[in-house]
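Note sheet for the following structure.
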Amino acid sequence: MTPTEKSLVKQRQILLDQLFLEKQLIILYDNQNDIIERINTYKPRHSTNPINPPKTYFHEMKYRKIMSINGRTSKLLRDEGYIRYFVICGIYHYYLCEIQKFLKSI
């Protein structure tokens, strides 16, 4: 492949990712109430500090399970800046308050 072909492929992939993310945001909006219910069931078991609930966080697999999304959607939400995260030993973690802010914003 020539460099111009590579750049065209990359641009096409970016466009496809944007379209995919738009569809996934619509699905997340439709399932918003179910996601909030799942968050409330996990909340007491995964609190790092019961006095300070904003410190509650989920690792990536729990986050995907709660949100009912796949890895590609998770990566796109991270890369586009919809949800803030932090990394410990190569594993992404998401704060509960950030997930709730995201759900309110869609």
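Quick one: helix 71-80 against the long Cα principal axis of the chain, what's the angle to the nearest 10°, folded into 0 to 90?
90
For segment 3-105, what is Rg from Cα atoms divided by 2.2 N^0.38 Å, rounded to two decimals?
Values: Rg = 15.5 Å, N = 103, 2.2 N^0.38 = 12.8 Å.
In units of the globular-protein estimate, segment 3-105 measures up at 1.21.
Considering the chain as a Gaussian network with a 10 Å cut-off on Cα pairs, which listed residue, T41, T56, T73, attains the greatest mean-square fluctuation?
Sorting by GNM fluctuation, first place goes to T41.
Over 26 Å between Cα atoms, which of K23/K75; K10/K101; K6/K62; K23/K65 qualify? Provide the component values of the computation, followed by the final result.
Values: K23/K75 15 Å; K10/K101 31 Å; K6/K62 35 Å; K23/K65 18 Å.
Check vs 26 Å cut-off fails for K10/K101; K6/K62.
Since every read-out is calculated from the coordinates, none of them should be taken as a lab result. Everything quoted here is computed from the prediction, not taken from an experiment.
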